[in-house]
Each structure stands twice: as C-alpha cells, then as structure tokens.
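Written below as structure tokens is the structure these notes are about.
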C-alpha cells in the first residue's frame, strides 16, 4: 500500500486507485497537510461512533438525541442489530419462501428500495423473472413497487401477476398462485410505499386464483410504541421484521431492510456482511494511505472545497452495477447536501451526484465530462475478473473494421474503454478515481457499499456537517400533508 503507487490494495484484493486524483495538478501533499488536523479529528469521530454510536451534533428529526449504529451492522453477535438469531430467522424465512411462494413484491422507497435493488441486480440480473423456477433454484420472481406513485406501472404489476397466474406452468386446480407482499416502512405511513401497497393488496384480494400474504418490515414509532405498520402486522398476524433505530435508510442495506430481499433470492448474506466487516476492519487504521474510506473522503473533500469539483459522477463499468450508482446518489445527496454546519453556520455543502454507466455513457455524458466545466470528480468502478467472458468472434472476416476486434475478450475491451476514458480525462486535469473489485460477488459488493457508506461519514466530519440527518426532506413533507387532506376533501364533493 505504497502511496507513490497511488493505490490502496486491501488483502482481499479490492483496490482504490487514486492515480488521477492525487499528485501534481491534482490534490497534492500540501493540500493533505493543510487538512491534517481535520483528518485526525474525522478519524477519531468515526472511531467514537463505532464505539458508542455517538456523533457530535446529531439529533433525530424531532430534536432528540439519536445514536448512529450502521457500523454495528457487519458484526453479527448477540445484542447487536444483526444477531445470530436474527440472521438465522432471515435464512429460515428464505427457505419458507423457496418453492412455496411464486412471486414477491417488495414495497419501499429511498433506502428501502435502492439497497434492495442493488442486491437483486447483482445476484439475479435482468432476466430473473423470465427464468424457470428450476433455474431460479426454487426462489420466487421478484418485483419492486412503492418507489414512486405511478398509476401506470402499479396497474401493470397487477396485470403481470394475473398473467403469471394464468400461465400454463401453474396448475391452479391444485393451489392458487402465491404472492407475497413485503412492505418496508419504518413508520408505516410512507405515502409512496403505502399507496402502492394498498392498491395492489386490494386488487389481488379480489382475484380468486391468487393467494396473498403480507410481511411487514417496520420499526417502532416515537416513544417505542409500535408503528402504524407494526399495528397492522399485529392485527392481521403478518410476520414482521425490523427497521432498526439508529440506521438511516441510505445505510440500511446491511440490516433486515435489505437482507430480507437477500433471503428471498438466495443471495449470500454471510459473505455480504463479511465483506462489509472486512472493509470496516481495514478502515480502523488511522494511517491515511492504508484506510481507503478516509482517503477517498479526504481526496473528494479537498477536490470540492479547493478545486471546485462540486459534482460526482459515479460510473461503474458493468450494467448490473447501475443500481449501485443510483443507491450512491441517495447516500451522497442526503448525507452531505446540507445548508448548515454542526455549529449552526450557513454551509451549503455537498456534491451533486450523477449516475453513469460505462461504456453506455461514454457515448452520452463523456463529451461533457471531457470538455465541459472542470467541476466533476468521476468515480469509476471496474471488475477484475468476470464469471463469463465471451471472446469477440471473427463473424464477418471480410469487414476489416470488425475483424480487427476478433479474438478480444469482452472484458478486456471494456477495460480498454475505461482506461482510455480515465487517461483522457486525466490529461486535461479532469479528476477521476477507480475502485476495482476482483470479482462481482456478495463479499466484494459488501466491501464496496460499506467503503462508500463509511466515506460519507468521514467526509461529513471533514466538512463539519451532520451526515446522518435529512432536514431538507422534511420541508416538502410539511407541505404535502395539508395538500393531501385538501385533495381528499375536494374529492368527496
């Protein structure tokens, strides 16, 4: 882990390559020296958070003290948010779903959707629901809803389930088509999620060929009483899992909020948490060049405050990592987009996150990245070794332009494209960095997501903003409530 090589390589093989973000014409040693005291305080603050959950200046949205506990999640032990009992219960739940439930709909928004979509995309891919039950190893089809108040798509999910039930593969004379609705909402009053859930629940109840069961993932309301969804679960005898206190939605993929989706698709929960735990252990080092999360935070913080890099383009070179970029948008925007600092002073801090995918967006966004304002950091994610890697064939030998590609593996061509993009940007003082996953697996996904989560915790301390609240979200919620009440009154007339 030599800083002169501009890479941090962990024992697991995951690499943070900051060659194009650090050095002459980029973030310099002098820049890092200028923030050395802040770096030390940031590392100490995260160590305190890890130890006791306390974060200076952080309170809940009602102003009461609130611990921050996401760093506990990778550690499975009795008394922790993830205990051996809770993990075993999730695994048993997955086995009761397997070969018993035909389709699952996961209802959630924000972190209750985005993290789950990451696990689904990485493990299942685009064509999961088109595969046979045998190809899915008995695990159900899985759909997402409740992440937007969209009338068309909500209606089409109902129609799709009707079509699935009518498929000749299912013998409805022996049993109905079984659909499980998993509703994820800490309060149980999340408008987007509960609206879609109630529409679909009511519609499916009217279809005799479909049986419906519900699972609630929810938390306690203020004062520790059951949430609205928790009360419904008790009344209707629905199984219930936990949205833990002290874990914001954008960090919740490592909790039952995300792991319930993992259980439904056969995703390796143990390896995912082991990856997160491995990254957390690596990031306990106070040595900047050995701590990828702290180094990532430091370089991007300096890029923003000194060099005006106020946007971050998150650009994985893999189709099925696009949802990681979408998850990261929420993580970065909600954590660091803050009006005030911890001392109450106006700050207006934050980077605007942008989703991109290579090579797709080399043909869409790269023109702006290369020739537009120098206000961006481009964060690439690459995969070292692919499970399947077709070689481009010489299908048209008389076409010289195509024949030149023959014999090249697709992954090698992909990496040539990424490297060329990174080098072209760097030659024009366009800041970029690359995280390389040795393979795309549950373990390395856990490492990646946890490194990013811990990075925003560090950067919040560097910028002196609360990375764990979201007061700006409450502004529109205060306006929506009265508007919805007025709409209901108007509709009754």
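The values are calculated or read from the model by the stated rules, or taken from the named source; none is laboratory data. What you are looking at is a predicted structure, and each value in this text was computed from that prediction instead of being measured. We place every Cβ from the backbone using ideal geometry, glycine too, and count neighbours over all the protein chains shown.
Kindly indicate whether any position in the range 46-63 is touching a helix residue (DSSP H, G or I) at 6+ places or on another chain (Cβ under 6 Å), outside any helix (DSSP H, G or I) and closer than 30 Å to residue 139 by Cα.
No - not one qualifying residue is present in the range 46-63.
List the number of the failed condition for residue 388; all other conditions in (1) at pLDDT 95 or above; (2) surrounded by 11 or more Cβ atoms within 10 Å (Cβ to Cβ); (3) farther than 30 Å from residue 304 by Cα hold.
Here residue 388 clears every test but (2).
Would it be correct to say that residue 72 is in contact (Cβ under 8 Å) with a residue 12 or more places away in the chain and not assigned by TED's automatic domain parsing to the domain that holds residue 192?
Yes; evaluated as a whole, the condition is true for this residue.
Looking at the range 1-27, which of its residues are touching a strand residue (DSSP E or B) at 6+ places or on another chain (Cβ under 8 Å) and part of a loop (DSSP other than H, G, I, E, B)?
1, 6, 14, 18, 19, 20, 21
Which condition number does residue 96 fail, the rest of (1) in contact with a helix residue (DSSP H, G or I) (Cβ under 8 Å, 6 or more places away or on another chain); (2) closer than 30 Å to residue 209 by Cα being met?
Going through (1) in contact with a helix residue (DSSP H, G or I) (Cβ under 8 Å, 6 or more places away or on another chain); (2) closer than 30 Å to residue 209 by Cα one by one, residue 96 breaks only (1).
I'd like the residue in the range 326-342 that is touching a strand residue (DSSP E or B) at 6+ places or on another chain (Cβ under 8 Å) and surrounded by fewer than 22 Cβ atoms within 10 Å (Cβ to Cβ) and, out of all such residues, is farthest from residue 465 (Cα to Cα).
So the residue we want is 326.
Restricting to the range 64-80, what's the tally of residues that are farther than 17 Å from residue 465 by Cβ, part of a loop (DSSP other than H, G, I, E, B) and modelled with pLDDT under 95?
Total satisfying the criteria: 1.
I'd like to check something: does the range 232-246 contain any residue that is outside any loop (DSSP other than H, G, I, E, B), within 26 Å of the chain's Cα centre (by Cα) and within 26 Å of residue 156 (Cβ to Cβ)?
For the range 232-246, residues outside any loop (DSSP other than H, G, I, E, B), within 26 Å of the chain's Cα centre (by Cα) and within 26 Å of residue 156 (Cβ to Cβ): absent.
Keeping to the range 373-389, report how many residues are closer than 27 Å to residue 464 by Cα and not in a loop (DSSP other than H, G, I, E, B).
Total meeting the criteria: 5.
Residues checked against (1) closer than 29 Å to residue 428 by Cβ; (2) in the same structural domain as residue 437 (by TED's automatic domain parsing); (3) touching a residue at least 24 places away in the same chain (Cβ under 8 Å); (4) buried (at least 21 other Cβ atoms within 10 Å of the Cβ):
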| position | (1), (2), (3), (4) |
| --- | --- |
| 8 | yes, yes, yes, yes |
| 18 | yes, yes, yes, yes |
| 30 | yes, yes, no, no |
| 42 | no, yes, yes, yes |
| 46 | no, yes, yes, yes |
| 50 | no, yes, yes, no |
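Condition first: surrounded by 11 or more Cβ atoms within 10 Å (Cβ to Cβ) and within 25 Å of the chain's Cα centre (by Cα). Can you find one or more residues in the range 394-412 that meet it?
Looking for residues that are surrounded by 11 or more Cβ atoms within 10 Å (Cβ to Cβ) and within 25 Å of the chain's Cα centre (by Cα), one finds at least one in the range 394-412, hence yes.
Of everything in the range 219-251 that's closer than 17 Å to residue 90 by Cα and in contact with a strand residue (DSSP E or B) (Cβ under 9 Å, 6 or more places away or on another chain), which residue is surrounded by the most Cβ atoms within 10 Å (Cβ to Cβ)?
Top of the filtered list is 243.
Name the single residue, out of those in the range 196-210 being surrounded by fewer than 17 Cβ atoms within 10 Å (Cβ to Cβ) and in contact (Cβ under 8 Å) with a residue 24 or more places away in the chain, that is nearest to residue 108 (Cα to Cα).
Top of the filtered list is 207.
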